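The values are calculated or read from the model by the stated rules, or taken from the named source; none is laboratory data. The structure presented is a predicted model; accordingly, all values stated were derived computationally and were not measured. Neighbour counts run over all protein chains shown; Cβ positions are idealised from the backbone, glycine included.
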Amino acid sequence: MSDQIGGAPSLQFDRAEFTAPVASLTCAACAQPIVQSYYEAGGKTICSTCRELRSGAMETRSTARFLRALAVGLAAAIAGSIVWWGVRKLTGYEIGLISIGIGIAVGRAVRWGGRNRGGVAYQLLAVALTYLSITGNYVPDVINELRKSAEATPVASAPSSTEPIKATAQPAKPIAVKANAAPAADFPGIGSLLIAFGAILLLAAATPFFAGASNIIGILIIGFGLWEAWKINRRVDEVINGPFSVTPAGANG
């Protein structure tokens, strides 16, 4: 019916009128259409399934995530040591501000490797790798000094004897020599090499403090670099809001 009362269209009771259809939503994680409810995480819309998977991954993949942060952070630390050592050799100066750049680089590498998780464990890892990177540039110098010290140490000669050598009454027994027998090589074991490398790292780590109070500025700058690495890896918990209904309230009423 299209009867009008007073110029106004009459109400229609014999035909149902529906509201405008709700725009379809798609999960930002799995790209699947969202049917019933959805969540918001970091400004993105995710479905209920991806929300459960994300919450579970935060708990079950902590070890793999930490190892990834360790590997990436260690690579950044080694690169930082090489850069500082190269600058020091080329210029002949200790540019302490490089330590701040190393702290930022290592901190961001650990942050990225840890998938932006952050926390005390990642902060301690970033600080340790940053200090290892800063002092690691002194490792070649420590090795060079140890080599010079070893060369300067006089070798003790065998004591001479004034007594005549007495002839033995028994003939000397022949010594059996195996064919193709190579002389035994005197190589240090893996344990000895690890201990020596650890001692070199300890000496390098203590190098900034050898100058005492005269290097207080350098130590403070190193502290700033460590603070940057610590600050970058603060824990940031992901906020997930929801659930929200896809169909607005009252749309089906």
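Here Gly92 clears all of (1) on the phi > 0 side of the Ramachandran plot; (2) among the small types (Gly, Ala, Ser); (3) modelled with pLDDT of 95 or more except the condition numbered (3).
Which residues, taken from the stretch 93-131, are β-branched (Val, Ile, Thr) and farther than 16 Å from Arg65 by Cβ? Ile95, Ile98, Ile100, Ile102, Ile104, Val106, Val127, Thr130 - these are the residues of the stretch 93-131 that are β-branched (Val, Ile, Thr) and farther than 16 Å from Arg65 by Cβ. Of the candidates Asn233, Asn215, the single residue that is out of contact with any strand residue (DSSP E or B) (no Cβ under 8 Å at 6 or more places or on another chain) and modelled with pLDDT under 80 is Asn215.
Return yes or no: is Gly56 in a helix (DSSP H, G or I) and either exposed (fewer than 10 other Cβ atoms within 10 Å of the Cβ) or at pLDDT 90 or above (or both)? No.
Residue check: Cys30 meets all listed conditions (1) of a type outside the set (S, T, N, Q); (2) part of a helix (DSSP H, G or I); (3) modelled with pLDDT of 85 or more but one, namely (2).
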